[in-house]
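Q: Let me give you the structure first, and then I'll get to my questions.
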Amino acid sequence: MRGKVMKSLFASILILMTASTCASAKLYPYCNVFIGTACFGMKSGDEYKYTSQVDFSFYEIKLSSEDEVNIYLGYHPASFDYEGAYLSKESVNGYLVSALKVDNQHHRILIEPADSRVPSVDLNISMSSDDKVLITEFIKSFRSCTRTKLETTCKDNILLQSVVL
C-alpha cells in the first residue's frame, strides 16, 4: 500500500514539475487585468497604478525589466500619426490596430473599436531595457474582449500579433 502511495506522490510531483516548466516557457500566460476592450497579463514583479476619471481610465505599468507602459482607455485618445505608422488600422477581431515607432525606446499602439460606443485603448511604451523579451511577451498577452452588463468575453488569439518593438 505504501508503495502505491509513493508512486502516486511521485507521479503527482512529476506532473506538477512538467506543468510548471511549460507555464514558465511563456512569461505572461494569463489575461488577468480586464479593461473592457481588452485584457492583458501581469506577472509577479510587475506593478501598475490605476486611475479612473469621469470619461477615461489610465493605467501606469512598470514591468520588472523597468520598461513602462501607459494605457489610456477612453473615447478621446491623442491624435495618432497614421502616415508615419508601420501598422495602420489592421483589422483584428472587430478592432483597428495601429502601431508607431516613435524612436528606438518609444512606441505607441492605438486600438480603435469598429463600434464607436466602445472606448479606444492607447498604449505608450517606454523601453529602458536593451532586452526586449519581457516587453514583447507583455504586448503578446493582450487579447480583445467584449463586455456586456453580465460578462466579459475575451478571444484566445493575440490582439497585437503584428506589433514589432
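We did not get these values from a lab; they are worked out from the coordinates using the rules stated. Source: prediction; values computed, not measured. Virtual Cβ from ideal backbone geometry, glycine too; neighbours counted across all protein chains shown.
Q: Alpha carbon centre of segment 39-88 versus segment 94-110: separation in Å?
A: When both Cα centres are located, 11 Å separates them.
Q: Of the chymotrypsin sites (Phe, Trp or Tyr not before Pro) in segment 42-107, which ones lie in a loop per DSSP and count no more than 14 other C-beta atoms within 10 Å? Walk me through the numbers on the way to the answer.
A: Values: sites: Tyr48, Tyr50, Phe56, Phe58, Tyr59, Tyr72, Tyr75, Phe80, Tyr82, Tyr86, Tyr95; in loops: Tyr75, Phe80, Tyr82, Tyr86.
When the chymotrypsin sites (Phe, Trp or Tyr not before Pro) of segment 42-107 are filtered for loop state and at most 14 Cβ neighbours within 10 Å, Tyr75, Tyr82, Tyr86 remain.
Q: Where in segment 26-105 are there GluC sites (Glu not before Pro) that are in a DSSP coil and have at most 10 other Cβ atoms within 10 angstrom of their Cβ?
A: Details: sites: Glu47, Glu60, Glu66, Glu68, Glu83, Glu90; in loops: Glu66, Glu83.
For GluC sites (Glu not before Pro) across segment 26-105 that sit outside H, G, I, E and B with at most 10 neighbouring Cβ atoms in 10 Å, the list reads Glu83.
Q: Just round it to a whole percent: the fraction of Cα-Cα distances in segment 33-158 exceeding 22 Å.
A: Values: 2624 of 7875 pairs.
Tail of the P(r) past 22 Å holds 33 percent of the pairs.
Q: Give me the percent relative contact order of segment 62-163, please, defined on Cα pairs under 8 angstrom at least 6 residues apart.
A: Working: 174 pairs, mean separation 26.9, N = 102.
The normalised contact order for segment 62-163 reaches 26 percent.
Q: Next up: When the Cα atoms of segment 28-77 are enclosed in a convex hull and the volume is divided per residue, what value in Å³ results? Walk me through the numbers before you get to the answer.
A: Numbers: hull volume 3.8 nm³, N = 50.
Cα-based convex hull of segment 28-77, divided per residue, equals 76 Å³.
Q: Please list 3J(HN,Hα) in residue order for segment 154-165, calculated via the Karplus relation 6.51 cos²θ - 1.76 cosθ + 1.60 where θ = phi - 60°; whole Hz, with x for glycine and proline.
A: Each residue of segment 154-165 in turn: 10, 6, 7, 7, 6, 6, 9, 5, 8, 7, 10, 9 Hz.
Q: I've got another one for you. A 18 angstrom limit on the alpha carbon distance is what I want to check against. Which of Lys101/Lys132; Lys101/Lys155; Lys43/Lys140; Lys49/Lys132 exceed it?
A: Details: Lys101/Lys132 14 Å; Lys101/Lys155 26 Å; Lys43/Lys140 13 Å; Lys49/Lys132 22 Å.
Table pairs above 18 Å Cα-Cα are Lys101/Lys155; Lys49/Lys132.
Q: Which whole-Hz couplings ³J(HN,Hα) result when phi for each residue of segment 139-145 is put into the Karplus expression 6.51 cos²θ - 1.76 cosθ + 1.60, θ = phi - 60°, listed in order with x for Gly and Pro?
A: 4, 5, 7, 5, 10, 7, 9
Q: If you don't mind, there's one more thing I want to ask. Only loop residues by DSSP count here, and only those with at most 11 other Cβ atoms within 10 Å; note down the trypsin sites (Lys or Arg not before Pro) in segment 82-165 that meet that.
A: On the way: sites: Lys89, Lys101, Arg108, Arg117, Lys132, Lys140, Arg143, Arg147, Lys149, Lys155; in loops: Arg117, Lys132, Lys149, Lys155.
Passing both the DSSP loop test and the Cβ count: Arg117, Lys149.
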